[in-house]
Amino acid sequence: MNFILRDENAVYYECGYSNDNALYLRLGEEAWFITDGRYTFEARERVKNAEVVETNDLPKAARAILRRNRVERILFDPKEWSVDAMAKIRDRLPRLSFRPSPDFSHRKRMIKREDEIERLRRAAQLGREGFETFAGYLRKSGVGRREKRLHFETKSAMSHRGEYDLSFDPIVAINANAAKPHALPTDLVLRKGDLLLVDAGLKFERYCSDRTRTIFVGDEIGFGDDQKFTSRKIEKAYDLVRKAHDTAIEKARSGMTGAQIDRLARDVIEKGGMGKAFVHSTGHGVGLDIHEMPYISARGGTTVEDGMVFTIEPGVYFPGEFGIRIEDMVVMKNGRAEIL
């Protein structure tokens, strides 16, 4: 198979190293990692099963390899490439056929190897430890702090004080701000009796974790699943989301499509009368990227198989009032979903 990549995680998957200025070119059994002089030394130490090519003109070097090998067709993922970047690769190669293959690398990476699953498991475990560290901060100093400060403290706790990179910028939202699924931190101040939603993750050896909890800020603050709220509406919504979360994980099976697993969670929330408040998909694949295939959504046509890792994260959102989401990562193993 002939293909060319430029996405950092796609390149890393192929050869064990990547940077922000590299191309990966594979022609049958041969491969080239093309980069500039800033990265050559490290690339030659880390790149596996590919020849490292140093150049100050990456497209020109790629064209030379393609021309020398008389390549007639090559695959590329159009989601990785800008029009300008693709034009530079095509330049002076009028006879070469570039075949678009959307999500090319994501499709290759859907079924995780055992070593990848163990990295994802470790990322999830470290992420849980980060949540526990943040809970300790909340108990000691969190009440009376603004969301912006809580957001900063979440990043510190989740990164284990800078030891690990984050999977994404955390979401930390109080009460009505939690009704925005991708809320930005504000000047809202955390008080006793508030609802707090936290969505965060970290990377272990480049592999991501992703977890969300919604909690009641009372005398005892923790990120366990058992939460009790003073508002009957919030309590009902929380119990419904938790039931949807647990049901989808319990009933998910290899051989189902992403849409069928999405339906497991969505049916629970719809039967509970809050279907219109569930405004996003039930989950997404996780790996080197925080959002990968398979997509656990109403349009998720991919058949889920053993070795796939994805989130289950149902939620309900009531603008101006509150939002609730509960999320865990699972791996399909022996036909069933196992929480990482």
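The values are calculated or read from the model by the stated rules, or taken from the named source; none is laboratory data. What you see is a predicted model, and the numbers here were worked out from it, not measured in a lab. Cβ sites come from the backbone with ideal geometry, for glycine too, and all protein chains shown count toward neighbours.
For this structure, a couple of remarks:
- Candidates in segment 211-227 are the residues that are more than 14 Å from the chain's Cα centre (by Cα) and assigned to a strand (DSSP E or B); of these, the one that is farthest from E292 (Cα to Cα) is F216.
- Figure legend. Inter-residue proximity from segment 248-266: first residues more than 15 Å from G315 (Cβ to Cβ) and touching a residue at least 40 places away in the same chain (Cβ under 8 Å), second residues in a helix (DSSP H, G or I) and not small (G, A, S), beta-carbon distance below 7 Å, spacing 6+ or different chains. Indicated pairs: A252/I261; A252/L264.
- Looking only at segment 212-231, residues that are in contact with a helix residue (DSSP H, G or I) (Cβ under 8 Å, 6 or more places away or on another chain), surrounded by fewer than 24 Cβ atoms within 10 Å (Cβ to Cβ) and among the polar types (S, T, N, Q) come to 1 in all.
- Top-ranked residue of segment 1-59 - restricted to ones that are in contact with a Gly (Cβ under 8 Å, 6 or more places away or on another chain) and either surrounded by 21 or more Cβ atoms within 10 Å (Cβ to Cβ) or modelled with pLDDT under 95 (or both), ranked as farthest from M110 (Cα to Cα): V47
- Contacts under 7 angstrom Cβ, first residue in segment 76-94 being without any contact (Cβ under 8 Å) to a residue 24 or more places away in the chain, partner not small (G, A, S), 6 or more apart: R90/F98
- Test: R211 is among the charged types (D, E, K, R) and on the phi > 0 side of the Ramachandran plot: no
- Residue in segment 194-210 that is among the hydroxyl-bearing types (S, T, Y), within 30 Å of V309 (Cβ to Cβ), assigned to a loop (DSSP other than H, G, I, E, B) and within 14 Å of the chain's Cα centre (by Cα) present: yes
- Selection of segment 305-340 for residues being assigned to a loop (DSSP other than H, G, I, E, B) and more than 17 Å from the chain's Cα centre (by Cα) yields E305, D306, P319, G320, E321, N334, G335.
- So T230, is it in the same structural domain as N175 (by TED's automatic domain parsing), outside any helix (DSSP H, G or I) and farther than 21 Å from T133 by Cα: yes
Here's the yes/no breakdown for (1) among the polar types (S, T, N, Q); (2) in contact with a helix residue (DSSP H, G or I) (Cβ under 9 Å, 6 or more places away or on another chain):
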{"residue": "S105", "(1), (2)": "yes, yes"}
{"residue": "E114", "(1), (2)": "no, no"}
{"residue": "L126", "(1), (2)": "no, yes"}
{"residue": "A135", "(1), (2)": "no, yes"}
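- Scanning segment 172-211 for residues being in contact with a Leu (Cβ under 8 Å, 6 or more places away or on another chain) and either over 22 Å from V279 (Cα atoms) or buried (at least 22 other Cβ atoms within 10 Å of the Cβ) (or both) gives a total of 15.
- Residue count, segment 177-193 (criterion: part of a strand (DSSP E or B) and out of contact with any Lys or Arg (no Cβ under 6 Å at 6 or more places or on another chain)): 0
- Residue check for D187: assigned by TED's automatic domain parsing to the domain that holds E132, among the acidic types (D, E), within 19 Å of F310 (Cβ to Cβ) and in contact (Cβ under 8 Å) with a residue 24 or more places away in the chain: no
- Restricting attention to segment 129-174, the residues that are outside any helix (DSSP H, G or I), over 22 Å from the mean Cα position of the chain (by Cα) and closer than 19 Å to T212 by Cβ add up to 1.
- Scan segment 276-297 for residues that are in a loop (DSSP other than H, G, I, E, B) and under 24 Å from A237 (Cα atoms) and the total you get is 6.
- Test for R99: is it at pLDDT below 95 and either in contact with a strand residue (DSSP E or B) (Cβ under 8 Å, 6 or more places away or on another chain) or of a type outside the set (A, V, I, L, M, F, W, C) (or both): no
- Meets criteria (in contact with a Leu (Cβ under 7 Å, 6 or more places away or on another chain), surrounded by fewer than 17 Cβ atoms within 10 Å (Cβ to Cβ) and farther than 30 Å from E14 by Cβ) for K251: yes
- In segment 226-248, the count of residues that are at pLDDT 95 or above, farther than 22 Å from L195 by Cα and not polar (S, T, N, Q) is one or more.
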